[in-house]
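Peer 1: Can you keep this structure in mind? I'll have questions shortly.
The values are calculated or read from the model by the stated rules, or taken from the named source; none is laboratory data. These numbers come from a predicted model, not from an experiment. Ideal geometry is used to build each Cβ from the backbone, glycine not excepted, and the neighbour counts take in all protein chains shown. Quick note on the areas: whole protein, heavy atoms, side chains included, nothing else; ligands and nucleic acids left out. Shrake-Rupley method; radii C 1.70, N 1.55, O 1.52, S 1.80 Å.
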Amino acid sequence: MKKPKKYIGPTICAVLIILLMSFYLLTFLFVLFVSPVPLPILLLFLLVPSAVIVGIVLALRQRYQEIKGGEEDDASQY
C-alpha cells in the first residue's frame, strides 16, 4: 500500500462535501415539515444533493484506485 498521506487530502475533501450536502438535505427536510412544497421542487432539492453525494463517493473511489495503481508516480516522469 502507498503512503497513507496520499489518501488524507482526497478523504478530507470528500467528507467535507458530503457533510455539507447532508446538512443541506437535513435543512430542506426540516423546511419541508414546516411548510409543504410542490412535488417537482421537492424532487429537485432532494435529488441534486443526493446525486452530488453519490458522485463524490464514486470520484473518491476512483482516486483511491489511481493512488493505489501509482498513476501519479507515472505522471511525474514526464
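Peer 1: Which of the residues spanning segment 1-52 are open to solvent by less than 100 Å² (accessible area, probe 1.4 Å) and assigned to a loop (DSSP other than H, G, I, E, B)?
Peer 2: Lys2, Pro4, Ser35, Val37, Pro38
Peer 1: State which residue pairs qualify: first residue within 10 Å of Pro49 (Cβ to Cβ) and touching a residue at least 12 places away in the same chain (Cβ under 8 Å) and inside segment 24-37, second residue open to solvent by less than 50 Å² (accessible area, probe 1.4 Å) and outside any helix (DSSP H, G or I) in any location, beta carbons under 7 Å apart, and separation of 6 or more residues or different chains.
Peer 2: Hits for this filter: zero, empty list.
Peer 1: Still on this structure, I have one more. Taking the residues in segment 9-23 that are aliphatic (A, V, I, L, M) and in contact (Cβ under 8 Å) with a residue 12 or more places away in the chain as candidates, determine which candidate is farthest from Leu46 (Cα to Cα).
Peer 2: Among residues in segment 9-23 that are aliphatic (A, V, I, L, M) and in contact (Cβ under 8 Å) with a residue 12 or more places away in the chain, the one farthest from Leu46 (Cα to Cα) is Ala14.
Peer 1: Give the residue that is least open to solvent (accessible area, probe 1.4 Å), with candidates limited to residues of segment 53-78 that are at pLDDT below 90 and hydrophobic (A, V, I, L, M, F, W, C).
Peer 2: Selected residue: Ile67.
Peer 1: Now for a different question. Within the set of pairs 6+ apart or on separate chains, which have a first residue in segment 55-71 that is free of Cβ contacts under 8 Å to residues at least 60 places away in the same chain and closer than 12 Å to Tyr7 by Cα, a second that is open to solvent by less than 100 Å² (accessible area, probe 1.4 Å) and among the acidic types (Asp, Glu), and C-beta atoms under 8 Å apart?
Peer 2: Cβ pairs passing all conditions: Glu66/Glu72.
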